[in-house]
1. For the residue pair A210 and R224, what label-to-label distance in nm results when each label sits 7 Å from Cα along the Cα-to-beta-carbon direction?
2. Report the local net charge at L129: Lys and Arg +1, Asp and Glu -1, summed over other residues whose C-beta lies under 10 Å from its C-beta.
3. Quick one: Karplus J couplings for region 269-275, per residue in order, coefficients 6.51, -1.76, 1.60, θ = phi - 60°, nearest Hz, x for Gly and Pro?
4. Going Cα to Cα from K258, which aspartates and glutamates come in below 19 Å? Please leave out same-chain ones fewer than 8 positions away.
5. Be a star and scan region 130-160 for residues whose amide nitrogen sits under 19 Å from the point 7 Å along the Cα-to-Cβ vector of E237.
6. In degrees, nearest 10, range 0 to 90: what is the angle between the Cα axis of helix 200-212 and the longest Cα principal axis of the chain?
7. What are the ³J(HN,Hα) couplings of region 215-230, residue after residue, when phi is run through the Karplus curve with 6.51, -1.76, 1.60 and θ = phi - 60°? Round to Hz, x for glycine and proline.
8. Q105 to K249: FRET efficiency via 1/(1 + (r/R0)^6), r the Cβ-Cβ distance, R0 41 Å, to the nearest 0.05?
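Readers should treat all values here as calculations from the given coordinates under stated rules, not as data from a laboratory. Quick caveat, the model's predicted, so the values are computed rather than measured. Note that we place each Cβ from the backbone using ideal geometry, even for glycine, and neighbour counts take in every protein chain shown.
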Amino acid sequence: MTTNPSSLVTDAGGEEPAALFTRHDGHVGVVTLNRPRALNAVNARLSVDAGAALEQAQSDPEVRAIVITGAGRAFCAGADLRELAAGNRVDDVEHPERGFAGIAQHWVGKPTIAAVNGFALGGGTEIMLACDLAVIDETAALGLPEVKRGLFAAAGGVIRLQRQIPMRIALEAVLTGEPISAARAYELGLVNRVAPAGTALELALELARAVAANAPLAVQESKRVMHATGSAGSDWEREVWRISNQAVKVVFTSEDGKEGARAFAEKREPRWTGR
């Protein structure tokens with residue numbers, strides 16, 4: 001069930017927005033890349049709208065998990081090469097800190113889940129790599145083919161892929177530019193689920209609901225600590241425990257922390273407030 005749909009229009013002509021934000025099942029936000037006729041290739045308008053939609057999901061107090069997907073038969077075909085060939089920019093000039101598609105460098109505290117519903121080579125793969133979790137359609141493929149066009153995966157691909165799969169496998173993917181099937185991506189741990197054809201969004205929403213059922217503050221602090229300590233050389237370093245202890249002070253003294261214990265003792269479902 002979808003509730004409270006809202007959209008972002010950035011052009012004066014009333015043209016359909018290049019990205020949409022909707023709220024599903026109360027606590028799941030969905031950001032949909034919305035240039036289906038262009039396979040959701042990224043132009044400046046999509047970068048602006050997608051970045052704004054992601055920010056809207058982050059600021060909505062009812063949203064606890066965010067799904068990112070594409071309209072039509074593609075997830076995202078990467079940068080719009082026609083725009084680049086014409087000498088046009090494809091980024092959001094007002095928010096360069098958000099990166100490619102308004103997403104690749106756009107940190108949000110809530111968990112993000114990529115629903116890779118179709119074509120996702122190049123920039124589409126880089127958007128997926130920027131998400132915390134990923135579901136992929138069994139017919140889709142991932143890959144960074146930029147070297148085949150004299151380029152390189154500059155929207156996070158060469159940075160993130162090596163952090164998510166073994167270095168030699170990542171190097172092979174980047175240096176050959178060859179695609180990675182959905183089954184192989186699951187085998188490597190690049191994605192969390194492989195969905196039957198046509199059901200990637202449905203399965204991603206199911207995963208998002210499982211996340212959203214938990215205490216929002218505890219989930220967000222868990223995400224923050226994992227990202228902040230992920231590059232540490234050892235789990236014995238003082239800094240990683242300092243970061244963890246910061247989260248302990250926030251979560252264990254929260255209203256939700258107390259509610260979780262009460263609900264358990266009273267044998268009922270907890271009522272989270274995010275405080």
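1. In this crude spin-label approximation the distance works out to 2.5 nm.
2. It works out to a net charge of +1.
3. 6, x, 10, 7, 10, x, 10
4. Within the straight-line cut-off, K258 pairs with E221, E266, E269.
5. 159-160
6. Once rounded, the angle reads 30 degrees.
7. Along region 215-230, the couplings run 5, x, 5, 5, 5, 5, 5, 4, 4, 4, 5, 5, 5, 6, 10, x Hz.
8. Efficiency, rounded to the nearest 0.05: 0.90.
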